[in-house]
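Down below is the structure, laid out as structure tokens.
The values are calculated or read from the model by the stated rules, or taken from the named source; none is laboratory data. Since the structure is predicted, the reported quantities are computational estimates derived from the model, not experimental observations. Here the Cβ positions follow ideal geometry from the backbone for every residue, glycine too, while neighbour counts run over all protein chains shown. Ligands, DNA and RNA are stripped out before the accessible areas are found, and what is left, the full protein with its side chains, is counted by its heavy atoms. Shrake-Rupley method; radii C 1.70, N 1.55, O 1.52, S 1.80 Å.
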Amino acid sequence: MTDSGFEAEELYDMAFDGTGWERAYHAAIERLAFEAAAKCVHPYDPDTFVDAVAASIFHPDVRTEIVRIFMAGIRHFINEQLDLGLDIEMTRYGGAFARGGSVYGRIETNISDAELVERIQRLMVARCGAVPDFALDCAGRFLIEWLLECIEVAESSNVDHYPEGDCAMAIAERLQEDGLVLQCLRKALRHAEVERRLGDPGVVAFEQKHRARAKYF
């Protein structure tokens with residue numbers, strides 16, 4: 001059994017900056033800002049609505065929830081492909097705004113590491129006719145990343161295929177298309193705070209003049 005015990009370990013690197021996640025995040029904020037503008041009696045500029053909405057959300061919690069659902073999608077995909085009984089218990093997301101982040105937690109499977117490697121090698125031989133060097137051992141690798149790379153190569157049927165994260169990208173794109181980011185942000189938005197920030201034109205004008213645009217992403 002692959003098990004990190006009670007101590008959380010780093011499981012996976014997941015970046016927001018410059019990725020589809022960041023773009024989906026910006027687009028969702030702008031969607032919520034548009035909705036806020038439709039309800040507001042004051043004709044502020046679009047950036048003011050974006051600032052008000054973004055400032056009315058506690059972003060670390062939103063990002064953690066997005067990552068948690070993404071990791072659940074990865075677990076389901078790996079189990080569907082390899083029948084490992086994989087369980088991922090995420091404890092926290094160590095990301096920082098505008099930078100990448102690390103997923104922490106623990107992993108359990110229903111087979112030993114040796115059996116896992118053997119299963120992967122049989123899959124490679126069946127699909128590709130040979131086993132690529134990186135699939136000979138999972139030691140020193142993030143297990144989730146290694147499994148996704150193995151699945152990607154197997155699906156290509158080409159032992160020389162260089163894995164580029166296609167499996168994780170496909171999972172992320174599906175969740176983004178399903179509106180995951182918007183759903184998480186909408187749930188976290190404090191509407192009373194948005195109304196408070198937009199309710200006084202004098203306060204808005206002061207903030208526009210004296211405060212540079214905050215970086216929330």
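Quick notes
- Once exposed loop trypsin sites (Lys or Arg not before Pro) are cut out (DSSP; at most 12 other Cβ, 10 Å), longest piece of the chain: 1-98
- The calculated FRET efficiency for the pair ASP17 and PHE134, based on their C-beta separation and a Förster distance of 25 Å, comes to about 0.40.
- Label assignment, Rg and Dmax of the Cα atoms in Å derived from the structure, set (i) 20.8, 67; (ii) 21.6, 71; (iii) 20.0, 61: (ii)
- Summary value for the range 123-216: 20 percent relative contact order, contacts being C-alpha pairs under 8 angstrom separated by 6+ residues.
- Take the Cα of ASP87, step 7 Å toward its Cβ, do the same at HIS161, and the gap between the two points is 3.1 nm.
- The residues of the range 155-214 expose on average 68 square angstrom of accessible surface per residue, using a 1.4 Å probe on protein heavy atoms.
- Inter-probe distance in nm under a simple model that places probes 7 Å from Cα toward Cβ, at ALA27 and LYS209: 3.8 nm
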